[in-house]
Amino acid sequence: MIPARRTTATAVVLAASAALLSVVAPPASAAPACASPVYTRQFFANTTFSGTPKKTDCDSGIYEQWGTGAPATGLPKDNFGVRWTLTRDFGSGGPFSLAASAQDGIRVYLDGTRKVDLWKNVSRTQSKTVAVTVPPGRHTLRIDYVNWTGGADVSFGYAPRTGADVDKVKPLVPAGVSVTYDKATGQARLGWAKNKEMDLAGYRVYRRLKGKPFGAEPLATRTVTSYTDTALPQTGETYYYEVRAFDRSGNESAGTADQPVTTVDRTAPAVPVITGATGEVTAEGGTGGLEVAWDGVTGAVSYRVFRSPAENGTYTPLGSTDKLSYLDTSAAESAVYYYRVSAVDAAGNESARSAPQRGKIWDNDPPALVTGLTATPAEYGFHLNWDKNPATDLKYYTVHRGELVGDDGEQVCYGVSTQYVSPTETSYTYLMRPEGEEVCFFVDAVDDDGNSAIRWNGPAPAVITTELDMTPGVPTPENSPVRLNATAGEEGAGPVALGWNAVPGATGYRIYRWNPGTGAYEKLTDTTGTSYEDGGAPKGTTHFYWVTALQADGTESAAGGDWAVLAP
């Protein structure tokens, strides 16, 4: 509120360079320019608002308590009138309340239509609040107040009515929206004009990729009329922005016209995934190259290939291609290389390098067949010997035990088990239970590249031999309640561990070991447990065991049996 002031012609005298200057104030009736939403206020020396106002000034709000005095110089203390007017933009309009109080009379008009009428001489303040609907756009409020006699006070206010159940009017679409894009920073700045709604809560900014709809959630919510998008993807694609206003009742306006921004492309493609690195020796003895292949990457126009002799070493560039493979013609035979690949898009953005991929040109040159194989029967199985293989890149030998298949003169040894032997060894102790059967053995040689002598140069020469027969002369009963298990430790290192089940009613157990010299099972010990460790069993032979259950009357059950082979 700008209070009323007495205004008289006043001369102001300034001394400047020995000269006299005078400034005269405007006359009381001069009408000032009051910018909306400030009221223009007029004072009248009557209650009919007739004639020329005694004073006109600007008032930011209506709330006066003049009491029994005159409201301004030159006005009477009774029978005067004051008129306030303003024209303003109400934006989308909507539900408003008009609240008026006065002693004595007050009338409120909206666009010339009376909304409040408290027009009588009273001895106390009278009040009234009315609900109105204001259409969109510019409208004029006029408030007339008169005081006939006695105390003088007046107040008036207008405000939007809010709440989802009261206000269902959407704000107007924000006007003047524009966007500028800074290629150096990759940021987009939006600006728009301020909405006129009095119940405006703010603005919501939305962004979408070309060809996609706007999401349900805004990119940003603002109370000012600008926004800078600092997280705009720099992909070379076009994005669109729109701005929507929303009010305190939750109503949201429609969106502004889409504002496009085409970004610079600073986003690298995805990282390629290498699917393999393979190569072979050519028929002429050259390598022919090692081919590296990878899956395609969306947006990539070329790929760069890098190589290192070590997985975590320094990778040097080999070249680039627009294909999904690259032939490394400089790769040497049997050398191990590691490759990484990056993708490059049309804007020159390069991805990170792929995970390393090991590659090697296989030599396809297998070792020679193993020669000089002998198989010597023993009480523990067989002892094998063979000549050292001349291959310089030998990785291991494989020992195969098999059986003969086919007619006499055309028999083939088919292996049924395989053991791996170090390339520095030329013998092997083959542990098995000797039962006097005919068996065959052959040995294969495999190099660092997985080339098998038998696969490339076979079949292998086999050795046919007959096992010793270590089977005890006394058979083990088949109706024993004892189920015995004998194990000789890892690789037959011993000692022999025996274990069996608990037999109901047994008071103990008796353990026997076969003695080939006497041709009988000889007692080792009695025990009340269900396990026993034979630490005295000789090495390099096959041992056969019995265990019986002892009864309370001193009798023994039938024996349960098993065997174990100890290495020499």
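Summary table below
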| item | result |
| --- | --- |
| Spatial separation of Cα centroids for region 124-192 and region 194-235, in angstrom | 23 Å |
| Footprinting exposure proxy for 413, 58 (fewest neighbouring C-beta atoms within 10 Å first) | 58, 413 |
| Label-zone membership for region 501-519, site residue 483, 7 angstrom Cα→C-beta point, backbone N under 15 Å | 501-504 |
| Sorted peptide list for 210-222, 238-250, 371-383, criterion being average Cβ within 10 angstrom, highest first | 238-250, 371-383, 210-222 |
| For region 11-160: relative contact order, % (alpha-carbon pairs under 8 angstrom, 6 or more apart) | 25 percent |
| Where labels lie 7 Å past Cα in the beta-carbon direction, separation of residue 63 and residue 312 in nm | 7.5 nm |
| Residue 49/residue 352 FRET efficiency (R0 51 Å; Cβ-Cβ; nearest 0.05) | 0.05 |
| Extension gain from residue 424 to residue 298, taking 0.36 nm per residue of separation minus the Cα-Cα distance | 40.2 nm |
| Pairs of Cα atoms farther than 22 Å apart, region 201-274, % | 32 percent |
| Cα centroid of region 46-123 to Cα centroid of region 308-341, whole Å | 90 Å |
| Hz values of 3J(HN,Hα) by residue in region 160-173 - Karplus curve (6.51, -1.76, 1.60), Gly and Pro given as x | x, 8, 10, x, 4, 7, 10, 9, 10, 9, 6, x, 6, 5 |
| Estimated distance in nm for a label pair at residue 78 and residue 217, the labels positioned 7 Å out from Cα along Cα-to-Cβ | 7.0 nm |
| Alpha carbon centroid spacing (whole Å) that separates region 504-568 from region 381-457 | 36 Å |
| Paired Rg and Dmax values of region 159-200, which use every Cα atom, in angstrom | 15.9, 48 |
| Spin-label pair residue 125/residue 88, simplified geometry with 7 Å Cα→Cβ offset, distance in nm | 2.1 nm |
| Three semi-axes of the equivalent ellipsoid, the chain, Cα gyration tensor, whole Å, largest first | 112, 40, 19 |
| Evaluated over region 11-160, the Cα radius of gyration and Dmax, each in Å | 18.2, 64 |
| Residues listed by number, region 550-568, amide nitrogen under 16 Å from residue 474 label point at 7 Å toward C-beta | 550, 556-563 |
| Extension gain (nm, one decimal) between residue 133 and residue 35, 0.36 nm per residue minus Cα-Cα | 32.9 nm |
| Amide H partners (placed H, <5 Å) of residue 80, local residues excluded | 147 |
| Calculated FRET value between residue 493 and residue 456, using beta carbons and R₀ = 35 Å, to 0.05 | 0.45 |
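No value in this document is a laboratory result; all are computed from the given coordinates. Just so you know, these numbers come straight off a predicted model, no measurement behind them. Note that we place each Cβ from the backbone using ideal geometry, even for glycine, and neighbour counts take in every protein chain shown.
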